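Remarks on the structure that follows.
The values are calculated or read from the model by the stated rules, or taken from the named source; none is laboratory data. Values in this document were obtained by computation on a predicted structure and should not be read as measured data. Here the Cβ positions follow ideal geometry from the backbone for every residue, glycine too, while neighbour counts run over all protein chains shown.
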């Protein structure tokens, strides 16, 4: 088993695991501290665990590299977001040993980020990245993390509120140049993400069947989608196809840039100018996504089908896009009022079941009153 010895005035311990010797400083001048640490290490070895000194040699920097490597190997589309999160984490945790990453330390990090005016959602994404790193370290063979500390998360107010009323959309569409009108109409009707529409190619469009497909891997969540085009969108697609013949160069994209030389990319200045011209204030392109979800639900489309069209995988995220506004509340009140009125009319028109004698007596009374 292990032993205790001194180097200068500091006590050290020595122990073995699978025949391999481990030497560790207790950083103490007290022999009792050395005995306690040796007993702890021997207990870990008896339980089949790696001695704690192994984990103490692992630093935050090692976990970051493993975390980002996983993103690169799996070609995850959110690599840039992961790198942004690790940049902020590195500023605080760089060089820190894994056992030093405790809940109090994490709370200190949260306080610092709040002082820097970071949003709760942003901080939570960074904390999720840290938790993922620690879990990956704990799952390795041999493990690099002994235990994952509790990581508190902040409350988020992540309900999206921006959307287009139909008149707002018509005003914006009319204010945009011609090459963007079909593009925004497609977004308004389908609720697809900006990058999904920008990268849409003719190979994904079946004009005869009126179908547009997103293949697995082309979407944010890697799930494929199929959308059947309504009459207006069929007109948009046909117009884009006809316009394609007038360009000098044939390109595969359904919605090219203004001169048709490449795919549609940034149009932020044009967008801001059109919003101002239409008098609708500051709008985001992502508001189309929320609007399409709301419009499909209002039209009576089952929510599960709406999720298949818009590409929402989780119910919690979908609910953030299924926005209720004042008009929805007014309509709900009006529907309830109509329903209650119909119940009152039904009750008044329901025939009364008189007994035999009671019916005859009522008839005699009515006849007598009529003669008088």
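With respect to residue 192, determine if the residue is within 30 Å of the chain's Cα centre (by Cα) and farther than 20 Å from residue 307 by Cα. Steps first, please.
Numbers: within 30 Å of the chain's Cα centre (by Cα): yes; farther than 20 Å from residue 307 by Cα: no.
Answer is no for this residue.
Are any residues in region 112-129 free of Cβ contacts under 8 Å to residues at least 12 places away in the same chain and more than 19 Å from the chain's Cα centre (by Cα), and if so, which ones?
Passing the criteria: 114, 115, 116, 117.
So how many residues does region 245-265 have that are touching a residue at least 12 places away in the same chain (Cβ under 8 Å) and out of contact with any strand residue (DSSP E or B) (no Cβ under 8 Å at 6 or more places or on another chain)?
Restricting attention to region 245-265, the residues satisfying the condition of being touching a residue at least 12 places away in the same chain (Cβ under 8 Å) are 246-249, 251-261, 263-265.
Restricting the remaining residues to those that are out of contact with any strand residue (DSSP E or B) (no Cβ under 8 Å at 6 or more places or on another chain) gives 246, 248-249, 258-261, 265.
Of the residues in that region, 8 qualify.
Condition first: under 25 Å from the mean Cα position of the chain (by Cα), in the same structural domain as residue 183 (by TED's automatic domain parsing), within 20 Å of residue 173 (Cα to Cα) and free of Cβ contacts under 8 Å to residues at least 60 places away in the same chain. Can you find one or more residues in region 230-242 that meet it?
no
Taking the condition of being within 15 Å of residue 90 (Cβ to Cβ) and loosely packed, with under 14 Cβ neighbours inside 10 Å, how many residues in region 113-154 meet it?
Final tally of qualifying residues: 1.
Which one of these is touching a residue at least 40 places away in the same chain (Cβ under 8 Å) and under 19 Å from residue 148 (Cα atoms): 104, 99?
Unique residue meeting the criteria: 99.
Which is without any contact (Cβ under 8 Å) to a residue 12 or more places away in the chain and closer than 20 Å to residue 153 by Cα, of 91, 109?
Matching residue, one of 91, 109: 91.
So residue 268 ticks every box in (1) under 30 Å from the mean Cα position of the chain (by Cα); (2) loosely packed, with under 12 Cβ neighbours inside 10 Å; (3) touching a residue at least 60 places away in the same chain (Cβ under 8 Å) but one. Which box is left unticked?
(3)
Residues in region 2-34 that are at negative phi, loosely packed, with under 14 Cβ neighbours inside 10 Å and assigned to a loop (DSSP other than H, G, I, E, B): how many?
Number of matching residues: 3.
Could you list all residues from region 35-54 that are part of a helix (DSSP H, G or I), at pLDDT below 75 and in contact with a helix residue (DSSP H, G or I) (Cβ under 8 Å, 6 or more places away or on another chain)?
Once the filter is applied, which keeps residues that are part of a helix (DSSP H, G or I), at pLDDT below 75 and in contact with a helix residue (DSSP H, G or I) (Cβ under 8 Å, 6 or more places away or on another chain), region 35-54 yields 41, 44, 52, 53.
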